[in-house]
Each structure stands twice: as C-alpha cells, then as structure tokens.
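Contents: one structure, followed by commentary.
Nothing in this text is a laboratory measurement; each read-out follows from the coordinates by a stated rule. Just so it is clear, the model here is predicted, and its values are computed rather than measured. So basically every Cβ, Gly included, is an ideal-geometry build from the backbone, and we count neighbours across all protein chains shown.
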Amino acid sequence: MSRRAVVIGAGLAGMLAAAVLSDAGVDEVIVLDRDELPDGPQDRRGLPQGRHAHLLMDGGARALEELLPAADLRKRLLAAGAHEISLSNGMLALTSEGWLRRWRHEGPVMITCSRALLDWVVRSAVLDRTSVHVRRAAVVGLTGSLARVDGVRLATPGGDTDLPADLVVDASGRGTRVVGWLDRLGLTGVRERTVDAGLVNATRIYRMPEGAERFPLTVVQSDPYASRPGRSAMVMPIEGGRWLVSCGGTRGGEPPADPEGFLRYTLSVRDSIVGRLVSGAEPLTDVHLSRSTSNVRRYLERAPRWPEGFTVIGDALGTFNPAYGQGMSVAAFGARVLARELERAEPTAPGLGRRVLRGAARAVDAAWSSAISQDIHYPEVRGGRPGVADRVVGAYARRMMRAATGSYPAARAVWDVTSMRTPATRMFRPGTVLAVLAGSPLPPSDEPPLTPSERALLERLDRTGG
C-alpha cells in the first residue's frame, strides 16, 4: 500500500524531516511552503530572521551529519565558503563577566555562514539524494478529526483543496498556525507562553578587509544583569569574503536602521571593538531590521489527547531569542527524534506522532530554559520576571562565567553547553562545581585577548580614533 507524508515548511527542520521520512521508506514525501524557493543561496520572505547572524553549533552540526551521512554537509558548507570556528581560540567574546581568554587547547567548533547558504546546501543535499518533492502552497488547516489527522487543507485560486496524507509533520516555524488548526479539530486549551525582551536585530554585510581573513569572530554580548536595556554587537565571517555585522538591543535600547546610526551603535556597546573594525570596511548592503525575536513555547506535548498521523518539530514547537544561536540545532535534534522513532515503528504506527512530539519537546525545553533564564532579567521584558529560583540559578551562572574568564575547566564546561554537545546538567558536575567555587586563577582582562598581528589589523582598520 502506497504511503504519503506531508511536511509543512521547507526550512531546515522541514527538509531534514523530509529526508528522514524518505529514508524510512515512505513512498511519497511532499514538502509544502508558501514561498517560491530560490535556486541558490538567497534570502526569502518566509524566514524573518534569515538575514541576521546564525551559528550552527557543534551539537547541531553533528546531528545534521547523522541525519544526512552521505551528504558530507560539513565539507559541502566549507567548500561553499562557510567558516569553522573554534570556541576555545577562534573567538573574541566579551561576556557579562568580562572577556573570555583564548586557549591553545582544542574545543568545540561552530560553523558560520549566511542562513541562506546553509538552507540551500541542506535543501540541495536532500533533493539530490531522495525523491522528496517541494511544492509551493499555503496550508490553511488540517483535515480529519481529533482521533486522526488525514491530510492538510490548501488555499488555491479556485478555493480550498485537500491533500490526503498518512502522516503530517508541522515544521512551519515561528509563524505556525498549529494551535488554531488543532482547535478546529476539537483539541482546545493548548498552553502557550511568550517571554519577550523586545529585542530588535539590525544587520549589515561588509566586504571583509584585506588581511582580515583569519581575524576571530568577535562578539560583545548583552549584560542581562545590568538593570538597563541589553545592547550587543557581533562581526562574524561568512561566505564570499564577507563580514556579517549584527547588533541587537532589547526594549529601550534598540539599534537604528540608518547607516550612520548603525555604526554609532556598534561603537556605543560595552566595548567598541566591532565598530572600530567595521569603520574601515566597505558596506555591501543596507541595514536590515527584524523584530521577530520573542521566545514562544507551545506546550503541545502536554495536551490530554493527540491525533494520530500528526506531529510537530522545530520552531513550530518552540522559538527562542535568536541571540543565543540555538534554533538550527534544536531543529536538527527534532528531526533526529523523528528518525529514531521511525527506526522502531512504521510511520502509521499508533502513538508515533506523540512520541516524536515528546522527544522533540525535550530539546526545545533545554533551549527554552537557557534563553528565558537570561531574557527575564532585562528591564521592560514581557511575559515573566525572575523568581527566587531564577535568581539563584542566575547567580550561579554569573559565578560560573566569571570563573570561565580565566579557568580552563570552567570555560570548557561553558563551551560544551553553549555548543549544545552536552545538556545543561554539565554545569553541575562535581568537577565543574569545584572550578566554579575556585574561581578564576587569572585576573580579569579589560582588553580583548588579541594577538599582536590582530591588534595591528584593528588599528589599521579603525577610522574612529579609538
């Protein structure tokens, strides 16, 4: 008997889910997206954060390689111009507790490139090696009943039409309408929570200056504990010999969209290094703003009933402040849960959709907790304020980060969790706790840990007199 699966959304989560379903032997896999997908690495409307900084953490990259082992995605991305950056020595990072030192030890890596490039490489890899079909279509609902979803409803010029399916996967991202769709089937009362620090992202692309090819990724992070709006700036290398420069400001500290104001903003954050670097670089684009940054959690896995033939992964289940670089990795983790469940059971097996939902929710919860534990401390945040437990965890996190500025064991624990290679419980292992209690054996640094050649390059590029 022929089986059909429909995946809603052609972003990272959707294409990975489609690859998993094809590998599991589903006869027909159709991916639906309301956008006309570009033929190359180009931005598209359906990704509101697509133009801004995206980091593929080590844990997420490993999940991608596990899901598409024959595609050699890491090699493809690097061949297309992406950069592989070590968290231990390839990055300059000013945290809320000071500058992190750079160590000679190898550590976890992250991949930096434009989101458009990453999506295109993954989409090409999936379409090249599977029989997955992508169609442009707007999904307006689910068909079936509370007992079983049996397809999706599409908006067409002649009126709505139904597309039957044995399994439907919602990977439609931040803009999902899943709660309303389920409500129309009779599943009501799904709890949703939003924590919104009012973050606005502003991004501009620059030509990478001559000689800056090996300059480290540089980030001046917001300080959520300073009782004032958060303000951050980052410069990271992407494909095509370019720098992606992104600023972020929470409510009351938002970056502007005009070029002069953008540069002033990069110079006004806690350290002016990003502004000094780009003051001597050639801009290639206008400044692009985005306000679609809130943390949103849909607790679908807690619903008392769940229809067969339907599941949800990726941003449709939970979205996070993009400043923390978790979304793409969480999408990959959700697709990996789907793959593991399909190894144990048929796509139409009873309870499969709910098992996938609950497994994907565990990865979402870890990222959610990490994101809101910081966002709730910003002034003017909407959707939550820190309670006693939050303040205790926050105090420990600050002490840990303070230790990480000069303690390799503490820094290694931070990298492992940040890179999403290990769960947050890594921070509470006995060795890590001892490192936190001991603190940093080195004094804090007021200056970024630049090599002599990097300092010379910064001085050459600086047009601010800083």
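Quick notes on this one:
- Inter-probe distance in nm under a simple model that places probes 7 Å from Cα toward Cβ, at residue 70 and residue 385: 5.7 nm
- Ordered by the number of other Cβ atoms lying within 10 Å of each residue's own Cβ, fewest first, 461, 199, 284 fall into the sequence 284, 461, 199.
- Whole-Hz Karplus values for the stretch 449-454 come out as x, 8, 6, x, 5, 5 Hz, taken residue by residue from phi with 6.51 cos²θ - 1.76 cosθ + 1.60 and θ = phi - 60°; glycine and proline positions read x.
- Here the spin labels are modelled as points 7 Å beyond Cα on the Cα-Cβ line, and at residue 226 and residue 188 they lie 4.7 nm apart.
- Count Lys and Arg as plus one, Asp and Glu as minus one, and take only other residues whose Cβ is under 14 Å from that of residue 39; the net charge is then -2.
- Coil-residue trypsin sites (Lys or Arg not before Pro) of the stretch 281-390, DSSP, other Cβ within 10 Å capped at 14: 291, 305
- A Förster distance of 60 Å, applied to the separation of the beta-carbon atoms of residue 305 and residue 214, puts the FRET efficiency at 0.60.
- From the alpha carbon centroid of the stretch 275-348 to that of the stretch 82-100 is 23 Å.
- Each residue of the stretch 226-231 was assigned a 3J(HN,Hα) from its phi angle through the Karplus expression (A = 6.51, B = -1.76, C = 1.60, θ = phi - 60°), giving 8, 6, 8, x, x, 9 Hz with x at Gly and Pro.
- Rounded to the nearest 10 degrees, the angle from helix 352-375 to the longest Cα principal axis of the chain is 20 degrees.
- Summed over qualifying helices (DSSP H, 4 residues or more, each -39500 (n - 2.57)) and divided by its residue number, the chain shows a 222 nm mean residue ellipticity of -10500 deg cm²/dmol.
- For the chain, the longest site-free run once GluC sites (Glu not before Pro) in DSSP loop states with at most 12 other Cβ atoms within 10 Å are removed: 214-379
- The chain: angle of helix 115-129 to the longest principal axis, Cα-based, in degrees nearest 10: 40 degrees
- Amide proton proximity set for residue 148, modelled H, under 5 Å, gap of 5+: 308
- Antiparallel content of DSSP bridges confined to the chain, in %, to 5: 70 percent
- Karplus-derived HN-Hα couplings along the stretch 421-438 (A = 6.51, B = -1.76, C = 1.60, θ = phi - 60°), whole Hz, x at Gly and Pro: 7, 9, x, 4, 4, 3, 6, 10, 5, x, x, 5, 4, 4, 5, 5, 5, 6
- Rg/Rg_ref, the chain, where Rg_ref = 2.2 N^0.38 Å and atoms are Cα: 0.99
- Under a model in which nothing but the beta-carbon of Lys, Arg (+1) and Asp, Glu (-1) is charged, the stretch 193-338 shows a dipole of about 500 debye around its Cα centre.
- Model label zone, residue 459; criterion: amide N under 14 Å from point 7 Å along Cα-to-beta-carbon; scope the stretch 216-247: none
- Taken over the stretch 10-56, the ratio of Cα radius of gyration to 2.2 N^0.38 Å equals 1.34.
- The angle between the Cα long axis of helix 327-344 and the longest principal axis of the Cα atoms of the chain comes to about 40 degrees, rounded to the nearest 10.
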